[in-house]
Every structure is written in structure tokens, then in C-alpha cells.
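Below you'll find the structure, written out as C-alpha cells, and then a few comments.
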Amino acid sequence: MTGRTEGAVGQRRIVVVGFGPTAHRLVETLAERGFDGRITVIGEEPRAAYDRVALTSYLSGKSVADLTYTVPDGVVTRLDSRVTGIDRDARVVTTADGTAEPYDVLVLATGSAPFVPPVPGAEHAFVYRTIDDLDAIRVASEDATDGVVVGGGLLGLEAADALRGLGLNTHIVEMNQWLMPRQVDEGGGSVLKGHIEGLGLSVHAGAGVKEIVTDAGGRVTGLVKPDGTLLDAQVVVFSAGIRPRDELARACGLEVGQRGGIVVDEGMRTSDPDVYAIGECALAHGQVYGLVGPCFSMAEVAADRILGGPAGFEGADMSTKLKLLGVEVAQFGAMAGALDVTYMDPVGGVYKKLFISDDARTLLGGICVGDASPYTSLRPFVGKPLPAAPADLLFAGAGAAGLDLPDEAQVCSCNNVSAGAVRTAIADKALTDVPGVKACTRAGTTCGSCVPMLKQLLEKSGVELSKALCEHFAYSRAELFDIVRVRGIATFSELIENHGTGRGCDICKPAVASILASLHNGHVLEGERAALQDTNDHFLANIQKNGTYSVVPRIPGGEITPDKLIVIGEVAREFGLYTKITGGQRIDLFGARVEQLPRIWKRLVDAGFESGHAYGKALRTVKSCVGSTWCRYGVQDSVGLAIALELRYRGLRAPHKLKSAVSGCARECAEARSKDFGIIATEQGWNLYVGGNGGFKPRHADLLASDLSTDELIRIIDRFLMYYIRTADRLQRTAAWIESVEGGLDHVRQVIVDDSLGLCAELDAQMAHHVATYEDEWRATIEDPEKLSRFVSFVNAPGVPDPSIVFERERDQIKPMVVTP
Amino acid sequence: MSWTTVCDYHVLLPERGACALVDGEQVALFRTFDGQVYAIGNLDPFSGAHVLSRGIVGTRGGEPTVASPLHKQVFSLVTGACLDDPEVAVPTYPARVAGGRVEVAVRPGLTEAPAVPSLSLVPQPR
């Protein structure tokens, strides 16, 4: 007796117990698919679901907000709330505070708990699963010197990386004879051990734990191994496997597995048809899945079933590719086979092995340590004929073997997307780039390891992935930038005569103008360059719908004196301009005719203003909150830094506009994370975020580096901007650029922080040149009669204003009247 | 055909436009890279603003063009046709360089033979 009828979906009440990533994926899927009943999620943590895969980044500077998922509108969340009982007959769950939550459909997403071996003193050890766990580890590490992680699997190495990051001498104790026994074999384990010991960590394989010892005050002093030897340590973290959280299910009589886990069918239904179980608490096909990809699939299957769909969970590929402690490790398919082909280089720290069927025709699986490049291209071939000779496959980087994936091959295991689905999306939606494929298929949006494969599918799809800028140049913007830089080209004519065809267009001319400006920084209206500029750059103002222009003087950091404010008001009044405050903390003056512009600039320049470059693909503003000078919460002088940055980068031409902001504390009043480069003050200095934007597709910036001094900050921003200017496509903002760079933000960090390409000196010199040669374009124009002569409405009647420009009035200001064509 | 002198030839920048007011008509003048001059209507038919003289001059498949500065539709300087929308065209006017000065003929009249070698004779508006 279920008490509901098909078609009454809209009225149903869904209660979800547990609020981790799997629960989030469930409610997100339900919301996306238009479920309009009531959804209540009950989580025992004091916060909404967050990305546990990225947990370690919390210790290296990411905030809780960075990791937290957005809860879909309309979903009711009850946080910090523990479910104590389920009454399946009454269909009600009860929480610790006595509240009863009735349900029509119940979803258990209670996750798992770290396994803590029952050894004396274990209660003094930590586990590594939640943000609260990490906070506790961080506090305990403050006056510790040594740490031990018990467990050398995937999570254990993650925890060891965290302890190392907290400055502890770190030991790893692993019961098995080698590290990561579920992913690699003995040979791979020994190569992995070499890498990890090379980083200064100690590996104790084949060892367990007998006891955690403490001093009289109950503080941990060490760990005793079964052989009686003592490891000195003040912090001990258990990461020795997980156990499904099935206690609620047991208590209410749902079927559970012998070794734990809530038994579900392929629709994720438990033994009670109104109760589903998903994620690490579920036992599907006799197995508990502890990886994010299968858990997300389960959530999607359950959502589909709740909505009346037929989806089924058919088990999942447990293949993994990850980078732990800087070492690439990958495993796919089977970990044994009749035949195997092994490559081992203990010096270079590379181990690769393929398992093959006894007839040497079928690929069964593989293991990679130190170089996981075969993973992406070979994983889809598991169970299929070998696409090439095994030795070639071992060395083929992704795509090098020229493999054609079968349609059913899974490309993205996190989101269960097949090669066929990607191909269909490319063809049906006419996709031409990786961001497009990500948006349409979700492939590549979780761990990102399949992005090279997506690129390859695009390239092979027959889609013309032309990098040509336009019909005049067969090069991308980045290639043209290099041609101009390396050959020292100074004019558009020289470039197009030698490297292009025709005489250019509205696409290539402004792009080349921007490249020339970035490299040489002369006046944008000098000589032939004037003809390359878009009308905004040509008139150093922003064209509006009726052919008039708006004028924005620079107000660095949004700080302005009363006297200057009065000048802006007087200029606006004198020229009858419409006045509006912008989002970038400055003032926009609208309705100026071409011939009025020089006189407006003259008034502004005389009062100490300069161009705000609101018209250019250039730095716009560096917005700021009031900062520590006035604000009782501020920890750094955000206004001072914003002004310094805006003056440093003013006039810098880029592939697209650049925006920035500085916040004086973590409250983030300047909205710095919506900017191309945003800075947020910390007690120790500054955190730098990059790749944010508002606009059509809003995006939060990601953390590039934390706790920087002002000098370090400026050096990194210098390089970030110059590397972007050098390598981005035309009209590609920083977010899209970072996404398009192979290796993403990590690669950018390696180039500009670690100098992995040896480019930094050049980038630094380029920025130094820009800063040294900056001049105000408005001033330079009004001081040059030849340039000034172009600012007329009519070449044969310089004093006559354009009669077609007329205004009406609205709210005491002018408003353009346009005759609709 | 009545020619109106609008400005000295050197006032026009190569590959850039300027606007002239001739008998109340706004005429967009362009000097292309090879030294030719062209004249078309300054009114952008897509936006209703008189702005075509401020667009970027270039070529499409060898044909000289200007792109509207507002929404970037490309027009042929030779025929006035919008190359992005075959339904739309702007008027063209005869233009020539005579004695170092640029002349345009806004009123339709008899077509004369070119008097100066460096002139460009463009078709009449449709």
C-alpha cells in the first residue's frame, strides 16, 4: 500500500537522509528535471554538501564556500540534524530534536564512516572525511612535529599529503606489502614508494598498528607497531578504509549485506519500495562503491526512478586516475591477466603494465605509476581488441596512437558519458570546443581527466576546428602574437602582407591592434594603427545606440575627492550629459557627440583625470571595499592596493576586457571572486583568485595562490596577465582561457609561479615595459592637432553637429531618440 | 551629374572613413588601401544610427567593405549590399578624386566618363 497514484508526482514529499555530494547530485538532478514536490534534506554536518574529492584543498587555502555546492531553489535543508529513527509503517523519520518528518519517498544517502581499528588509544586518533575533521587536524598540528597516517590507500595518501602540507614529518603505515594495493601491483607499489620517499615521507609497508600511546595528559605521543617499535607522532590519522553507514537501515529492518551496506536493486530501491539508498551506504550488485563517479550515477538512477523513469545502475568501472603527492597513478580494467607487458624505470620513477588475454588480442586492464598518459586513451578499450601493439600503447600519450573509440566506450567515468554521447552532442549541437562539450554532456566537469579525450573526439568528429582568426589570417591569436613578437613586426600592413591575405576586417584588425599595443604600447591612434581600431578605441569612448559616445574617467579603486566629484558634475552639466554610476565604482557620462569629446577630455584632464579605458579590451577597474583604514572588520588596506594595481595595469591591452577587485577581509564586499583577478585580504597577506567573471555566464574565480606579500602578489599578477595576453584567443576572457589551457589552472600556476617554461623573466620584462611606457591616451590626443582634427561629425562642416542626434528627457536627464529602421 | 567637393584627399586616412554632409544627406566616405575612394550612405539600416563612416574598413573575398560599428554587419563599399543579409543594402554614391580633392555626387545624374585616372566610379544606388 503506497498511498499514492501515478501522476500525482507533484505532491510527493521526498526526504533525503544525509547531505554529502551524492545527496546533492540527487536533489540537483530532481530539480533540473522539474520535480515540483517537496524535497527535504537532513544532514548531520552543520553545512550543506561540499566537494569531498577536493577536501585537501581546504587546508591549502580554499574556503568552505569554495567547496560548497549550491543548493537548488526550493530544497529545504535541515543541517546539524541527526536522524534517530525511521518508522516505515507511518512513513516518518524522526530527528534528534524530536521533529517528525513525513515522507512519501525516502532516500538514504548516509555515506560511510572511516574504519577505525579497535586498538588501544584509537579514540585519540583523527579521521579524514569532513571539514570538521580537517579543522581538528589543523589545530592539533599547530604544535606537532610528526604525524602518522594509518592506511596507504588513495585516501591515506591524500591525508599524508595534507599532513605534509601542515609542516609535519609524515609517516605512512600500510598493512599490505605495498602502497595503494587496490590500484597497483607490487611493482607499481615499489615505484610509488620511491616517489613518496623522495618527497621526504617515510613509508612503513607490511606494518599495522598495535597501540596509540599518549602522555599523562592524554596527548598522543606515538604509535606502536605490532613488532613493538614506536613511531614518535603527535598526530595520528586513520584512513584504513570505509564502512557503510547502514545503522538506520538496520534499525528499521531494511535488508543489509553480511559485511554491511544497504541492499538495493538496480533501481537503487531497498527492500522497501518507498525507500532508496544511494552512494557509499548502498550495496549494489554485492558491492559498496567508494568513488564519486559510481555514487553520482546511483543518484541519477534514483532520481530517474523517483520521476517514473526506467534507469538502472549496472555497476561501475572502478578505474581511477589521480595525482597524489605529485605522482600520477592510474588503474583501469582488470588487475591481472594471462599475459602482461611491463615497462619499469625505477630511475625515472615510471611503471606501466598492461594485462592482455591469453590469445594476446584483448586488452584486459592496466596500471600506471609516474606517467598516466596511456590511461585516457586505453581505458575505453578494456574488453575490446587491442588497438595497436602493446609496446606502442604503453608509450602512446593520449591520442598518439590515433585510436578511434567505439561509441559505447565510456569517456567520462565521473558522469558516465560515452564516446557516442559526446559525438552525438558535437553533431547535434554543432559544438566546436571543449567548454561546449562540457556544458552539453557534463563530461569532463568533475575530475577533468577525460578532457584530452574530449579534445580528440572534437578533432576527429569532422568538425572544422579551424584556429584561423578570420579569412585573412590562417593563425590563431596566440600564433599571431608570437609572429609579431618574434619577427618584431610593428605594423598591420607588414603582418598581413607577409602572413595573411586581403586587407583585414573587423575581426583581425582590432585583434592585431591589441597585440601591437600589448607588445609596443604606443598610442592607439598613432599612424596606421588608427585604422585598425574599433570605433570605441578610435574615439577613445564607448559608442551608444544612437551614435553618441559615453566618457568614463578613471577613478582608481573607486576613491575620489569631493573636488574631482564636483568637476565631473560640472562637465556633465555643461555638456548636457546623462550621468550614471557604473558597477566598477566610477561614473559614466553619456550622450557626447564626436566633436564634443576633446573638449570634455580637456576639462577632465585639466582637473587631474585620465582615460578610464572603458572603451578598450583593456584593464577596466580595480574595485575595492573600504578596507582596514575605516572598516572595523578589515584586515588589510584594500583601497591602497586597488589603487596601486589599477595604476600599474591601466591601459594594458588584452584579448578581452579585464576586471579586478580587492576585498579587505573574507566578507568579500568588493566581490573580488567575480573578477578576472580578485584579491582577498588574509591576516597574513593576500589571497589571489583568477578566472572569475559576471556577464553572460557568471563564474567564480579560483584560488591561484594564498597568503602572498604585496610584492609577491604583484609579481604573480604581472605574469598571469602577460601569460594570458600572450596565449589567449581573441575575445577569450580569463575563465575560458584557463579552461582551454591544457592542464588548466595547475599548468598556469606552474608556468607563472614555478617558472616551468622558463618564461617568467620575459613576462616580467614585458610588464615592466608596459608600466614604464604608459601614457594617458586622452591627454596625448588633445595635445596632437593632427589627431584632434578627426573628431568632427562632418569632414566638410566641422562646426555642424549631427542633426540626426536628438534627445528626449526622462527622470530629469537626456535619453536618446532613435528612429527604428 | 553634379559633383560636390567635400574635402582634401589627404584628410581621408587610408582604410578609414569620414562623414560628409551633402545637400542634407549624410555620406560616408572611405579611402581604401589602394587609394580608391568610395561613398555610401552613413545611415546604418540595422540600428537607425548614422555611424557607418566609423566602421572598420577591410575586404571580404577581395571586395572592399565596412563593418557597422554597432552590430558589425558588413557592407560592400562597391555595391552597398549588406554581405551578411542579402535583403539589406545602403545607397552608394559616385565619388572621385579631382585635383587632390574628394568629390561626391549625391543627386542622381548622367554618368560621366572618368576624368581623373585615380577615380573610382561606383554603381548608382538601386
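The values are calculated or read from the model by the stated rules, or taken from the named source; none is laboratory data. Note that the structure is predicted; figures quoted are calculated from it, not measured. In this analysis, Cβ positions are derived from the backbone assuming ideal geometry, glycine residues included, and neighbour counts consider all displayed protein chains.
For region A:182-216, which positions are surrounded by fewer than 18 Cβ atoms within 10 Å (Cβ to Cβ), part of a loop (DSSP other than H, G, I, E, B) and within 33 Å of the chain's Cα centre (by Cα)?
A:ARG182, A:LEU199, A:GLY200
Can you work out which of the residues in region A:527-546 that are more than 9 Å from chain B (Cβ to nearest Cβ) and either within 32 Å of the chain's Cα centre (by Cα) or under 20 Å from B:LEU13 (Cα atoms) (or both) is surrounded by the most Cβ atoms within 10 Å (Cβ to Cβ)? Spell out how you get there, then give the answer.
Residues of region A:527-546 that are more than 9 Å from chain B (Cβ to nearest Cβ), as a first pass: A:527, A:529, A:537, A:540-542.
Within this subset, residues satisfying the condition of being either within 32 Å of the chain's Cα centre (by Cα) or under 20 Å from B:LEU13 (Cα atoms) (or both) are A:527, A:529, A:537, A:540-541.
Numbers: A:GLY527: 11, A:ARG529: 22, A:ASP537: 24, A:LEU540: 25, A:ALA541: 27.
Per the criteria, the residue is A:ALA541.
If we scan region A:468-489, do we find a residue that is surrounded by fewer than 19 Cβ atoms within 10 Å (Cβ to Cβ), assigned to a loop (DSSP other than H, G, I, E, B) and within 14 Å of another protein chain (Cβ to nearest Cβ)?
Yes.
Can you tell me how many residues within region A:670-716 are assigned to a loop (DSSP other than H, G, I, E, B) and either closer than 12 Å to A:ALA642 by Cβ or among the charged types (D, E, K, R) (or both)?
First pass over region A:670-716, keeping only residues assigned to a loop (DSSP other than H, G, I, E, B): A:670-671, A:675-676, A:682-685, A:691-692, A:694-698, A:700-701, A:709.
Those left that are additionally either closer than 12 Å to A:ALA642 by Cβ or among the charged types (D, E, K, R) (or both): A:670-671, A:675-676, A:683, A:697.
So the answer is 6.
Which residues, counting only those in region B:68-81, are under 20 Å from B:GLU25 (Cα atoms) and either in a strand (DSSP E or B) or within 11 Å of chain A (Cβ to nearest Cβ) (or both)?
Looking only at region B:68-81, we keep the residues that are under 20 Å from B:GLU25 (Cα atoms), and these are B:68-69, B:75-81.
Scanning region B:68-81 gives B:SER68, B:PRO69, B:PHE75, B:SER76, B:ALA81.
Looking at (1) farther than 19 Å from B:VAL104 by Cα; (2) touching a strand residue (DSSP E or B) at 6+ places or on another chain (Cβ under 8 Å); (3) buried (at least 18 other Cβ atoms within 10 Å of the Cβ); (4) not β-branched (Val, Ile, Thr), which one does B:SER47 not meet, given that it meets all the others?
(2)
For a quick check of your reading: which helices (runs of 4 or more DSSP H) sit entirely within region A:317-430 and have at least 1 residues that are at pLDDT below 80 and under 23 Å from A:VAL53 (Cβ atoms)? Lay out the reasoning, then the answer.
Numbers: elements: A:373-378, A:390-395, A:419-428.
Those helices (runs of 4 or more DSSP H) span A:373-378.
Run down A:ARG719, A:ARG726, A:ARG667 and say which single residue is part of a helix (DSSP H, G or I) and touching a Cys at 6+ places or on another chain (Cβ under 9 Å). Spell out the reasoning first.
Values: A:ARG726 fails: touching a Cys at 6+ places or on another chain (Cβ under 9 Å); A:ARG667 fails: part of a helix (DSSP H, G or I).
One residue alone meets the criteria, A:ARG719.
Could you please find all residues in region A:159-181 being without any contact (Cβ under 8 Å) to a residue 40 or more places away in the chain and either in a loop (DSSP other than H, G, I, E, B) or within 18 Å of A:PRO117 (Cα to Cα) (or both)? Please lay out each step first, then the result.
First pass over region A:159-181, keeping only residues without any contact (Cβ under 8 Å) to a residue 40 or more places away in the chain: A:167, A:169-170, A:172, A:174, A:176-179, A:181.
Hits for region A:159-181 are A:GLY167, A:ILE172, A:GLU174, A:ASN176, A:GLN177, A:TRP178, A:LEU179, A:PRO181.
Given the condition modelled with pLDDT of 95 or more, in a helix (DSSP H, G or I), in contact with a helix residue (DSSP H, G or I) (Cβ under 6 Å, 6 or more places away or on another chain) and outside the structural domain of A:GLN766 (by TED's automatic domain parsing), answer yes or no: does some residue in region A:541-560 qualify?
yes
Which numbered condition trips up A:GLU742, out of (1) more than 30 Å from B:LEU52 (Cα to Cα); (2) of a type outside the set (Ser, Thr, Tyr); (3) touching a helix residue (DSSP H, G or I) at 6+ places or on another chain (Cβ under 8 Å); (4) assigned to a helix (DSSP H, G or I)?
If we test A:GLU742 against (1) more than 30 Å from B:LEU52 (Cα to Cα); (2) of a type outside the set (Ser, Thr, Tyr); (3) touching a helix residue (DSSP H, G or I) at 6+ places or on another chain (Cβ under 8 Å); (4) assigned to a helix (DSSP H, G or I), just (4) comes out false.
May I ask you to verify whether A:ASP133 is in contact (Cβ under 8 Å) with a residue 12 or more places away in the chain and of a type in the set (Asp, Glu)? I'd like the intermediate steps shown before the answer.
Working: in contact (Cβ under 8 Å) with a residue 12 or more places away in the chain: no; of a type in the set (Asp, Glu): yes.
Here the answer is no, as A:ASP133 does not meet what is asked.
Quick test for you: out of A:GLY98, A:GLY152, A:GLY74, A:GLY156, pick the one residue that is without any contact (Cβ under 8 Å) to a residue 60 or more places away in the chain, assigned by TED's automatic domain parsing to the domain that holds A:ARG182 and not in a strand (DSSP E or B).
Values: A:GLY98 fails: assigned by TED's automatic domain parsing to the domain that holds A:ARG182; A:GLY74 fails: assigned by TED's automatic domain parsing to the domain that holds A:ARG182; A:GLY156 fails: without any contact (Cβ under 8 Å) to a residue 60 or more places away in the chain.
It is A:GLY152.
Could you say which residue among A:VAL571, A:VAL552, A:VAL605, A:VAL594 is under 21 Å from A:GLU783 (Cα atoms), β-branched (Val, Ile, Thr) and in contact with a Gly (Cβ under 6 Å, 6 or more places away or on another chain)? Explain how you work it out, then say what you get.
On the way: A:VAL571 fails: in contact with a Gly (Cβ under 6 Å, 6 or more places away or on another chain); A:VAL605 fails: in contact with a Gly (Cβ under 6 Å, 6 or more places away or on another chain); A:VAL594 fails: in contact with a Gly (Cβ under 6 Å, 6 or more places away or on another chain).
After applying the criteria, what remains is A:VAL552.
Are any residues in region A:23-60 loosely packed, with under 15 Cβ neighbours inside 10 Å and touching a Ser or Thr at 6+ places or on another chain (Cβ under 9 Å), and if so, which ones? Can you show your working first?
Just the residues of region A:23-60 that are loosely packed, with under 15 Cβ neighbours inside 10 Å, to begin with: A:32-34, A:36, A:46, A:54, A:60.
Within region A:23-60, A:SER60 is the sole residue that qualifies.
Yes or no: region A:769-789 includes at least one residue that is at pLDDT below 90, out of contact with any helix residue (DSSP H, G or I) (no Cβ under 7 Å at 6 or more places or on another chain), more than 11 Å from chain B (Cβ to nearest Cβ) and not in a loop (DSSP other than H, G, I, E, B).
Within region A:769-789, one or more residues are at pLDDT below 90, out of contact with any helix residue (DSSP H, G or I) (no Cβ under 7 Å at 6 or more places or on another chain), more than 11 Å from chain B (Cβ to nearest Cβ) and not in a loop (DSSP other than H, G, I, E, B).
For region A:417-437, does any single residue satisfy the condition of being of a type in the set (Ser, Thr, Tyr), in contact (Cβ under 8 Å) with a residue 12 or more places away in the chain and under 21 Å from A:MET180 (Cα atoms)?
So the first thing to find is which residues in region A:417-437 are of a type in the set (Ser, Thr, Tyr), and the list is A:418, A:424, A:432.
Those still in the list that are in contact (Cβ under 8 Å) with a residue 12 or more places away in the chain too: A:432.
From what's left, under 21 Å from A:MET180 (Cα atoms): none.
For region A:417-437, residues of a type in the set (Ser, Thr, Tyr), in contact (Cβ under 8 Å) with a residue 12 or more places away in the chain and under 21 Å from A:MET180 (Cα atoms): absent.
Taking only region A:802-814 into account, find how many residues are more than 9 Å from chain B (Cβ to nearest Cβ) and exposed (fewer than 14 other Cβ atoms within 10 Å of the Cβ).
Let us first name the residues in region A:802-814 that are more than 9 Å from chain B (Cβ to nearest Cβ), namely A:806-814.
Pick out the ones that are also exposed (fewer than 14 other Cβ atoms within 10 Å of the Cβ) and you get A:806, A:808-812.
Qualifying residue count, region A:802-814: 6.
Here's a check for you: in region B:1-58, which residue that is more than 8 Å from chain A (Cβ to nearest Cβ), in a strand (DSSP E or B) and among the charged types (D, E, K, R) is nearest to B:PRO69 (Cα to Cα)?
If we take residues in region B:1-58 being more than 8 Å from chain A (Cβ to nearest Cβ), in a strand (DSSP E or B) and among the charged types (D, E, K, R), then B:ARG31 is nearest to B:PRO69 (Cα to Cα).
Report yes if some residue within region B:88-99 is without any contact (Cβ under 8 Å) to a residue 24 or more places away in the chain, over 21 Å from B:TYR9 (Cα atoms) and within 14 Å of another protein chain (Cβ to nearest Cβ); otherwise report no.
No, every residue in region B:88-99 fails to be without any contact (Cβ under 8 Å) to a residue 24 or more places away in the chain, over 21 Å from B:TYR9 (Cα atoms) and within 14 Å of another protein chain (Cβ to nearest Cβ).
From the list A:VAL552, A:VAL524, which residue is within 14 Å of chain B (Cβ to nearest Cβ) and crowded, with 22+ Cβ neighbours inside 10 Å?
Details: A:VAL552 fails: within 14 Å of chain B (Cβ to nearest Cβ).
Answer to the selection: A:VAL524.
Considering only residues that are more than 10 Å from chain B (Cβ to nearest Cβ) and in contact with a strand residue (DSSP E or B) (Cβ under 6 Å, 6 or more places away or on another chain), which ones fall in region A:496-521?
A:GLY500, A:SER514, A:ALA517, A:SER518
So which of A:ARG733, A:ARG715, A:ARG719 ends up being over 30 Å from A:GLN596 (Cα atoms) and either of a type in the set (Asp, Glu) or over 21 Å from the mean Cα position of the chain (by Cα) (or both)? Let's see the steps before the verdict.
Values: A:ARG733 fails: either of a type in the set (Asp, Glu) or over 21 Å from the mean Cα position of the chain (by Cα) (or both); A:ARG719 fails: either of a type in the set (Asp, Glu) or over 21 Å from the mean Cα position of the chain (by Cα) (or both).
Going through A:ARG733, A:ARG715, A:ARG719 in turn, just one is over 30 Å from A:GLN596 (Cα atoms) and either of a type in the set (Asp, Glu) or over 21 Å from the mean Cα position of the chain (by Cα) (or both): A:ARG715.
In this structure, is A:SER663 under 17 Å from A:ASN687 (Cβ atoms), surrounded by 24 or more Cβ atoms within 10 Å (Cβ to Cβ) and of a type in the set (S, T, N, Q)? Quick ask: steps written out before the conclusion?
Working: under 17 Å from A:ASN687 (Cβ atoms): yes; surrounded by 24 or more Cβ atoms within 10 Å (Cβ to Cβ): yes; of a type in the set (S, T, N, Q): yes.
Considered against the rule, which asks whether it is under 17 Å from A:ASN687 (Cβ atoms), surrounded by 24 or more Cβ atoms within 10 Å (Cβ to Cβ) and of a type in the set (S, T, N, Q), A:SER663 comes out as yes.
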